[in-house]
Amino acid sequence: MLAHSGVATRLPAQNLDRVRVFYAEKLGLEPTEERPGGLLYRFKRGEFALFESEGAPSGSHTQMAWEVDDIEAAVAQLKGRGVAFEEYDLPGLTTVDGLAEVAGNYPSKGAAGERAAWFKDSEGNLLAIGQPILRG
């Protein structure tokens, strides 16, 4: 039953006004639906909602990600809008100017890995953008 259904992400927000401004100004996104306590964003493939919550995300793991065709252009555009990218220097994961190469990701797409970058929204949700590294 679930294998043939849609899937959507839900992210907590302590302040819907603040998070709406972040997504509009920093990411260029506007909600497709608004209701008391929540904002819904729809995309070509999938959707996510921000819901008002007293809880706060840990910010220690990726909660949502976009796959892009040109990660360098996406990072440059987001930096130009004031998005601050996370920097990591961990065993197996090091970023340079916000970008990391992650070996082994996207094998189902015939990829050798992924180039990825992470940033937090105004509520502390850890978000990512990624681009498969295609085998050549």
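Read-outs throughout are calculated quantities, based only on the coordinates presented, and are distinct from any laboratory measurement. Source: prediction; values computed, not measured. Don't worry about glycine lacking a Cβ; one is built from the backbone with ideal geometry, like all the others, and counts go over all protein chains shown.
To the nearest 20 Debye, how big is the dipole of the stretch 1-113 about its Cα centre, given +1 on the beta carbon of each Lys and Arg and -1 on that of each Asp and Glu?
Charge dipole of the stretch 1-113: 360 debye, to the nearest 20.
Looking at the stretch 41-136, the DSSP beta bridges with both ends there are about 85 percent antiparallel.
Highest-first packing order for the peptide set 119-131, 21-33 is 119-131, 21-33, based on the mean count of other beta carbon atoms within 10 Å. Dipole of the stretch 3-129 (Lys/Arg Cβ +1, Asp/Glu Cβ -1, origin at the Cα centre): which of Val21, Ala112, Phe51 lies farthest to the positive side? The residue sitting most towards the positive pole is Phe51. When Rg and the Kirkwood radius Rh are both evaluated on Cα atoms of the stretch 58-136, their ratio Rg/Rh stands at 0.96. In this structure, Lys26 and Thr94 have a Cβ-Cβ separation that, at R0 = 41 Å, corresponds to a calculated FRET efficiency of about 0.95. Sorting 53-59, 111-117 by average packing, meaning the other beta carbons within 10 Å per residue, from highest down gives 111-117, 53-59.
Pairs of Cα atoms nearer than 8 Å and 6+ residues apart set the relative contact order; for the stretch 1-63 it is 40 percent. Helix 71-80 versus the longest principal axis of the chain: what angle, 0 to 90°, nearest 10, using Cα atoms? Its long axis makes an angle of about 40 degrees.
The angle between the Cα long axis of helix 16-25 and the main principal axis of the chain comes to about 40°, on a 0 to 90 degree scale. Each Cα pair under 8 Å and six or more residues apart adds its sequence gap; the mean of these over the residue count of the chain is a relative contact order of 24 percent. Most tightly packed first, judged by the mean number of other beta-carbon atoms within 10 Å of their residues, the peptides 72-84, 34-46 read 72-84, 34-46.
Residue-normalised convex hull volume from the C-alpha trace of the chain: 138 Å³ per residue.
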